[in-house]
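One structure, pasted below without further comment.
The values are calculated or read from the model by the stated rules, or taken from the named source; none is laboratory data. Predicted model only: the values in this text are computed from it and were never measured. When we count neighbours, we look across all protein chains shown, and the Cβ atoms used for this are built from the backbone with ideal geometry, even at glycine. We work out accessible area using only protein heavy atoms, side chains counted, and drop any ligands, DNA or RNA first. Shrake-Rupley method; radii C 1.70, N 1.55, O 1.52, S 1.80 Å.
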Amino acid sequence: MLFEPFVSRSLHLKNRLVMSPMTRSRAVAANTPNALMADYYGQRASAGLIITEGTSPSPNGLGYPRIPGIFSAAQVAGWKKITDAVHSKGAKIFVQLMHTGRIGHPNNLPQGAAVVGPSAVLAAGEMYTDAEGAKPHPTPKAMTEADIKTAIGEFEHAAKSAVAAGFEGIELHGANGYLLEQFIRPNSNKRTDAYGGSIENRARFVLDVVKATTAAIGKDKVGIRLSPFGVFNDMPIYPEMEADYAYLARALNATGLFYIHLVDHSPMGAPAVPQSIKDTFRKEFKGVLILSGGYDAARAESDLEAGKADLIAVGRPLLANPDLVERWKTGAPLNPPDMDTFYTPGAKGYTDYPDAGNAAARPRGTTAAA
Ligand SMILES: Cc1cc2nc3c(=O)[nH]c(=O)nc-3n(C[C@H](O)[C@H](O)[C@H](O)COP(=O)(O)O)c2cc1C
């Protein structure tokens, strides 16, 4: 099933392999996508659907160095070159909207922007900055209700910008400890207004963003990534976790959005994600379900055959093997990912992984665009 076409609503995919969103920190100038990034994404268009790296809808959401945005005209123009490169190879592409919230550092933000969160609760850990290396996260500024309205408007504007840039849709990053998840989880959300307290209130921001973006660009163009039982970025497990996410599964289903993309980082050493919560999402959510985390071809095929998911997303194998579909089809050996160049600027470890088409023509250290 993995290599067979997939159709749901208006989305037609050449296969069921999705490229997982991966931050690569190559948007060196003004958080604006560039030709090198177009080369990278174009190389990986063997996947039916590409989900871009986390991309901020707001200056406040640019917590990491050199991550792209999608709010300025220049950013939209930069992304247009990337969607063109991907479309010319027959793949589809969604942009992941990632607002980093309290995970960030002022050194990484443009002038006038701020590290914000649902509450003034510090996240343990550090953020890399180009100027000063790793720095502790600052305590975020607690968002006022006006700030929340502004942020919802920023997501809406980014969704419209995504369509203008040629994306088939957006993926809201509701996983891995960033702003949307910071509202969902009780450790980072201590609010006493309509956006905090009960799960109905903690889910409100996420649902408001879903409603605003689906109203702006259409239900077929909006998905969301969630990480139930994820602990990344100081998000501890708590007793009501499973019930809270079951509520989210039902509430998101009611919005009619296109897909839910579940993260399971246990293959990367994170705590196990119970099968029961994945089953709950499969049962409660009538749209497309994407599963991700540690997949190889055999496990992808077997989960698709078992009906556990509609699509399977793969990160590191596609990062290191632009021609992954061909390699998985033929059983060819895989290039290992080079962790040292995950987030470093430039082509090395980015566009120079050898594939069948470029091994000879493009030795490591050069790119097609160079
Ligand atoms: C270099 C790198 C960057 C990542 N950046 C993001 C990101 O921006 N957004 C996101 O949702 N997940 C991000 N992830 C997590 C991946 O999407 C994926 O869930 C993870 O790599 C596990 O899948 P895999 O075993 O197929 O690699 C990143 C992972 C890696 C390795």
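Within the stretch 210-217, is there a residue that is open to solvent by 40 Å² or more (accessible area, probe 1.4 Å) and over 18 Å from Gly61 (Cα atoms)?
yes
Taking interchain pairs and intrachain pairs at least six residues apart, which have beta carbon atoms under 8 angstrom, with the first residue in the stretch 178-192 and crowded, with 21+ Cβ neighbours inside 10 Å and the second part of a loop (DSSP other than H, G, I, E, B) and among the basic types (Lys, Arg)?
Partner pairs satisfying both residue conditions: Leu179/Arg102; Gln182/Arg102; Ser188/Arg102.
Please go through the stretch 119-133 and pick out each residue that is open to solvent by 40 Å² or more (accessible area, probe 1.4 Å), touching a residue at least 60 places away in the same chain (Cβ under 8 Å) and on the phi < 0 side of the Ramachandran plot.
Listed by number, the residues that qualify are Ala124, Tyr128, Asp130.
Same structure again: Kindly establish whether Val116 is open to solvent by less than 30 Å² (accessible area, probe 1.4 Å) and within 14 Å of Pro68 (Cα to Cα).
no
While we're looking at this one, here's another question. Considering the stretch 193-209 alone, what residues qualify as being open to solvent by less than 10 Å² (accessible area, probe 1.4 Å) and either of a type in the set (Lys, Arg) or free of Cβ contacts under 8 Å to residues at least 24 places away in the same chain (or both)?
Within the stretch 193-209, none qualify.
Name the single residue, out of those in the stretch 7-37 being assigned to a strand (DSSP E or B) and open to solvent by 20 Å² or more (accessible area, probe 1.4 Å), that is nearest to the ligand (Cβ to nearest atom).
Ranking the candidates gives Ser8 first.
Of (1) free of Cβ contacts under 8 Å to residues at least 60 places away in the same chain; (2) under 17 Å from the mean Cα position of the chain (by Cα); (3) open to solvent by 20 Å² or more (accessible area, probe 1.4 Å), Ile224 satisfies all except one. Which?
The failed condition is (3).
Which condition number in (1) of a type outside the set (A, V, I, L, M, F, W, C); (2) open to solvent by 40 Å² or more (accessible area, probe 1.4 Å); (3) within 18 Å of Tyr64 (Cβ to Cβ) is the one that Asp147 fails?
Only one criterion in (1) of a type outside the set (A, V, I, L, M, F, W, C); (2) open to solvent by 40 Å² or more (accessible area, probe 1.4 Å); (3) within 18 Å of Tyr64 (Cβ to Cβ) is unmet by Asp147, namely (3).
Here's something else I'd like to know. Tell me yes or no: at least one residue of the stretch 289-300 is touching a Ser or Thr at 6+ places or on another chain (Cβ under 9 Å), over 19 Å from Leu13 (Cα atoms) and open to solvent by less than 10 Å² (accessible area, probe 1.4 Å).
No, the stretch 289-300 contains no residue that is touching a Ser or Thr at 6+ places or on another chain (Cβ under 9 Å), over 19 Å from Leu13 (Cα atoms) and open to solvent by less than 10 Å² (accessible area, probe 1.4 Å).
Which members of the stretch 277-334 meet the condition of being touching a residue at least 60 places away in the same chain (Cβ under 8 Å), of a type in the set (Ser, Thr, Tyr) and farther than 26 Å from Leu257 by Cβ?
none
Oh, and also: Consider the stretch 249-271. How many of its residues are within 14 Å of the ligand (Cβ to nearest atom) and in contact (Cβ under 8 Å) with a residue 12 or more places away in the chain?
11
Touching an Asp or Glu at 6+ places or on another chain (Cβ under 6 Å), closer than 26 Å to Arg26 by Cα and either open to solvent by less than 10 Å² (accessible area, probe 1.4 Å) or away from the ligand (no atom under 16 Å from the Cβ) (or both): which single residue out of Pro136, Pro140 fits that description?
After ruling out the rest, the residue left standing is Pro136.
Something else: Can you pull out every residue in the stretch 45-78 that is among the β-branched types (Val, Ile, Thr) and open to solvent by 10 Å² or more (accessible area, probe 1.4 Å)?
Result: Val76, single match.
Let me ask another. Name every residue in the stretch 336-349 that is within 14 Å of the ligand (Cβ to nearest atom), open to solvent by 30 Å² or more (accessible area, probe 1.4 Å) and without any contact (Cβ under 8 Å) to a residue 24 or more places away in the chain, in order of residue number.
Selection gives Pro336, Pro337, Asp338, Met339, Asp340.
Right, something else. Here's a check for you: in the stretch 79-106, which residue that is open to solvent by 10 Å² or more (accessible area, probe 1.4 Å) and in contact with a helix residue (DSSP H, G or I) (Cβ under 9 Å, 6 or more places away or on another chain) is nearest to the ligand (Cβ to nearest atom)?
So, considering only residues that are open to solvent by 10 Å² or more (accessible area, probe 1.4 Å) and in contact with a helix residue (DSSP H, G or I) (Cβ under 9 Å, 6 or more places away or on another chain), the one nearest to the ligand (Cβ to nearest atom) is Lys92.
Could you look through the stretch 287-307, keep only residues that are more than 14 Å from the ligand (Cβ to nearest atom) and within 21 Å of the chain's Cα centre (by Cα), and pick out the one that is nearest to Phe232 (Cα to Cα)?
If we take residues in the stretch 287-307 being more than 14 Å from the ligand (Cβ to nearest atom) and within 21 Å of the chain's Cα centre (by Cα), then Leu289 is nearest to Phe232 (Cα to Cα).
Next question, about the same structure. Within the stretch 227-271, take every residue that is on the phi > 0 side of the Ramachandran plot and not aromatic (Phe, Trp, Tyr) and give me the one that is surrounded by the most Cβ atoms within 10 Å (Cβ to Cβ).
Among them, the one singled out is Asn233.
Taking Ala246 and the conditions (1) in contact with a helix residue (DSSP H, G or I) (Cβ under 7 Å, 6 or more places away or on another chain); (2) closer than 26 Å to Glu145 by Cα; (3) more than 16 Å from the ligand (Cβ to nearest atom), which numbered condition does it fall short on, given that it satisfies the others?
If we test Ala246 against (1) in contact with a helix residue (DSSP H, G or I) (Cβ under 7 Å, 6 or more places away or on another chain); (2) closer than 26 Å to Glu145 by Cα; (3) more than 16 Å from the ligand (Cβ to nearest atom), just (2) comes out false.
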